[in-house]
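Structure first, then comments.
The values are calculated or read from the model by the stated rules, or taken from the named source; none is laboratory data. For clarity, every value in this text was computed on a predicted model and none was experimentally measured. Glycine also receives a Cβ, built like all others from the backbone with ideal geometry; neighbour counts cover every protein chain displayed.
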Amino acid sequence: MEEEAALALLQRRAVGTGEGSSLRLVLAVSRHSIKSMIKDYKGLGLSNKSIDQAYGAENSDATPHGLLFATQLGQHYRKQYLEALSLDGKSCEEIGSAVKVYADEDDRDRESGNRWLAGFAPGCELKSHSGEVEHSVLQEGKILLPGCEYASEQEVKGLIGGDFHAWAVANFGAEMDELQEIFGCCAPSLCPGAGKCQLKDVPNKWTGGYWDTWTGGLQYAGWMAATLQTQYVNNNTVLGNASPETIERLYKVTEGIWRTYKNPINANRFGGTLPAYLAATLQSAALGKAVLPESAVLPGQAEAKFQWFMGHDVNVALLAELLQLSLQTPSYPPGTSSIFLGALLFELHAQGEEETFTVRIFQEAPTTTQLRLLEAKPVRSQISLPGCSRPLDCPLAEFLRMVAERVQGRCVAADLAKFLEAALF
């Protein structure tokens, strides 16, 4: 009853926006910095073997170039938010209490967070936090509750019109032909019964499970397009001297195959933890007290004015899917969620003496050329939340209710399910 009364208070306060808005909290969700994505192309029989994959790091780790960009990005956000959050002139201890990076368990996540903090608070030696609660919030797709399993082959086929091969060729056939030319693909053995083999003719096979849901021609094409982009953003030599415009056009293949995993069904079944947790964090800041039990609260979260969740593109993708947010950044195909250090930001604002709370959502992400040239001037745009924003700001109480309506309580932890249930009334 206490939670319901608190939500009713927020509803009474949630009336419009205006001048004199005061920023109270910033929550950011992003992918890590540039990842060393080394692919083994030996089995494809490529004629072009001079593929530069020397990214300066072990496979799946953050690259040195990407970590330099993470530091620069921290400097960018220092300029953007230090004064707005009343942190200008504060000590390292005070900034360390107010600014937190919560990272997933991979080295690239933690190190990206450490470098971001080095830029935001130079000389303060702040470190990202990475523990059990952080993992439970960011490990979407690796923590499945009963009845919240991965989308099946039939369900995914239903999303793309039934015939996977026909969908792949119709939507990505021209790009696959171009990638075949750049990489010199493919070995005849990949196309059983054919004298020669085109990339788009390589059979696709459903595997299901986590991430790589299909193997075959479209997956290989996705690897190739991602390799070109990684070469470009990491300042490597780009195969075939592919231009930024060509890389952008071909990257739609990568996003296409990945979206067969980052789909609405999976968002509904295991993508709800992060938006529910963000909603609970916003409400806690508005009320001045935690709405989740102490065991579910991140280290130092009560005092933190700027909280950065350093995770993966799947976090950005499923969050945008559930909230129906439209993503667009120059130099990427529409809807791209896999931008290195590309973020969704949720700002909590209070207006007036009675502190009417509203939520503002922004996408802020670097272009591929900014990543390559180490120019941390990400493109920022405010996103309208369909069904809530008027025209752009969303009253907090309505935001909480919207999240509660879209997240399946049975697919999140019991504490979050209880919070979501209260938000519906």
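Here are some notes:
- Matching option when the condition is in contact (Cβ under 8 Å) with a residue 12 or more places away in the chain and under 13 Å from the mean Cα position of the chain (by Cα), among 292, 327: 327
- Pairs are defined by a Cβ separation below 8 Å, a sequence spacing of at least 6 or placement on different chains, a first member in the stretch 235-256 that is over 24 Å from residue 170 (Cα atoms) and not assigned by TED's automatic domain parsing to the domain that holds residue 34, and a second member that is of a type in the set (Ser, Thr, Tyr) and not in a helix (DSSP H, G or I); the pairs so defined are 236/55; 239/50.
- Residue list for the stretch 378-425, restricted to those being touching a helix residue (DSSP H, G or I) at 6+ places or on another chain (Cβ under 6 Å) and among the basic types (Lys, Arg): 401, 406
- Of the listed requirements (1) buried (at least 19 other Cβ atoms within 10 Å of the Cβ); (2) among the polar types (S, T, N, Q); (3) at pLDDT 95 or above, residue 328 misses just one: (1).
- Taken across the stretch 188-196, residues that are in a helix (DSSP H, G or I), surrounded by 16 or more Cβ atoms within 10 Å (Cβ to Cβ), touching a residue at least 24 places away in the same chain (Cβ under 8 Å) and under 29 Å from the mean Cα position of the chain (by Cα) do not occur at all.
- Just one of the listed residues (372, 401) is within 20 Å of residue 74 (Cα to Cα), part of a helix (DSSP H, G or I) and modelled with pLDDT of 95 or more, and it is 372.
- Residue check, residue 202 under 30 Å from residue 267 (Cα atoms), in contact with a helix residue (DSSP H, G or I) (Cβ under 7 Å, 6 or more places away or on another chain), of a type in the set (Val, Ile, Thr) and assigned by TED's automatic domain parsing to the domain that holds residue 318: no
- Within the stretch 156-183, the residues that satisfy the criterion of being over 14 Å from residue 222 (Cα atoms) and either buried (at least 18 other Cβ atoms within 10 Å of the Cβ) or in the same structural domain as residue 110 (by TED's automatic domain parsing) (or both) are 156, 164, 167.
- Within the option set 342, 352, 311, being assigned by TED's automatic domain parsing to the domain that holds residue 390, at pLDDT below 95 and of a type outside the set (Lys, Arg) holds for one residue only, 352.
- Looking only at the stretch 387-408, and only at residues there that are within 16 Å of residue 286 (Cα to Cα) and among the charged types (D, E, K, R), the one that is surrounded by the fewest Cβ atoms within 10 Å (Cβ to Cβ): 398
- Scanning the stretch 300-316 for residues that are in contact with a helix residue (DSSP H, G or I) (Cβ under 8 Å, 6 or more places away or on another chain) and not charged (D, E, K, R) gives 300, 301, 302, 304, 306, 307, 308, 309, 310, 311, 312, 315.
- When residues in the stretch 54-105 are screened for being touching a His at 6+ places or on another chain (Cβ under 9 Å), on the phi < 0 side of the Ramachandran plot and not hydrophobic (A, V, I, L, M, F, W, C), 6 of them pass.
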